[in-house]
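To keep things clear, I will list the structure first and then write my remarks on it.
The values are calculated or read from the model by the stated rules, or taken from the named source; none is laboratory data. Please read all numbers here as calculations on a predicted model, not as lab measurements. When we count neighbours, we look across all protein chains shown, and the Cβ atoms used for this are built from the backbone with ideal geometry, even at glycine. When the accessible area is computed, the model is the full protein with side chains, heavy atoms only, and any ligands, DNA or RNA have been set aside. Shrake-Rupley method; radii C 1.70, N 1.55, O 1.52, S 1.80 Å.
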Amino acid sequence: PSPAGASPGSGALNPFDRRLKRKQKNWAALQAEPAKCDYLREEVRGWQRWRGSPRTWLCSVLLILPFRTFPLALDVGSGRGYIAQHLTKETVEKLIQVDIAENALKNAVESEIPTVRVVADEEFLPFKEDTFDLVVSSLSLHWVNDLPKVFREIHQVLKANGVFIGAMFGGDTLYELRCSLQLAELEREGGFSPHVSPFTAVADLGHLLSRAGFNTLTVDTDEIQVNYPGLFEVMEDLQGKYILSMGESNCSWNRKPLLHRETMLAAAAIYQEMYGNSDGSVPATFQIYYMIGWKYHESQAKPAQRGSATVSFGDLAKIEGLLKREKK
């Protein structure tokens, strides 16, 4: 993996310590019974329906796949191979899994699809242009320093008419925890520093994908709420014991190395007071962005030329009345 972003001197341009993130993910991948830690990924990739239509990005994959076969697919930030378990040889003939953590790839779940595992940084994909028919990514892109560059690289390695389908954490993720810690630090220490990494805003996502060259874009958001006994269990989870066997511990350069005991106790009380459930548990919200983007091909449907419409939007409001008159 490239050492880019490995220097604190890079400042705001590179907010994350990628070397530390690699260590965190390698450590998380070696924890006992890692499958217990994957429930959030399972929720993201599982079948969920909302208003009668698929709600998750993987559902979108499964809807697209029956209509075509992808000879070669790429899983960016694959981890232990969560996506591969839902793909078949009839839809994806060969899968390349890429992750920054070698331990995650070594402990990957077996799949019926022929798979090649490559240790590489998501920010520096080691592949030629026009290589893949499909690129997928699940809950890894929120840790990259240069998201526009990653989108450009994904677009570059896709073949014409190839599709990118991804999911990543959004800006409102863990807002309960962030607010509680900030209020507690302000009260006890007179200031605060970030303990949860920054996330991309959904308003920027479509623009970034479009600038990278993708078209026919779909961007959607959803929220997954997990209940915990208290703040300390949330923090333990995020350090890698459960959810964050995905390795989600904070790796920002400006992170604070520790919190004082009194501050933690105050934060736990604030969390319970502001967000606590009636049964004594506390919620942790994970906002998920789902995205689909296609690489241009001349066979794709094109929008009609401006001014070519034969019916105005104003006329559409009159349709119901016209139909009633015709029935009479």
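Here are the numbers for the structure shown:
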| quantity | calculated |
| --- | --- |
| Where L238, L265 fall by accessible area, highest first, once all protein chains stay in place (1.4 Å) | L265, L238 |
| Accessible surface of H260 - all protein chains present, 1.4 Å probe, nearest 10 Å² | 100 Å² |
| Per-residue HN-Hα couplings for segment 113-118 [Karplus 6.51, -1.76, 1.60; θ = phi - 60°; Hz; x = Gly/Pro] | 7, x, 10, 10, 10, 10 |
| Highest average packing first - 270-278, 289-297, Cβ atoms within 10 Å | 289-297, 270-278 |
| Residues R68 and L265, FRET efficiency given R0 of 45 Å [Cβ-Cβ distance, rounded to 0.05] | 0.20 |
| Length released on extending from E273 to L217, taking residue separation times 0.36 nm less the Cα-Cα span | 16.1 nm |
| Formal net charge of residues neighbouring V98 (Cβ-Cβ distance under 9 Å; K, R +1; D, E -1) | -3 |
| Accessible surface of E102 - all protein chains present, 1.4 Å probe, nearest 10 Å² | 50 Å² |
| Links that overshoot a 23 Å alpha carbon limit, given the list K128/K295; K94/K302; K94/K149; K159/K302; K89/K159 | K94/K302; K94/K149 |
| Heavy atoms of F214: accessible area, 1.4 Å probe, square angstrom to 10 | 10 Å² |
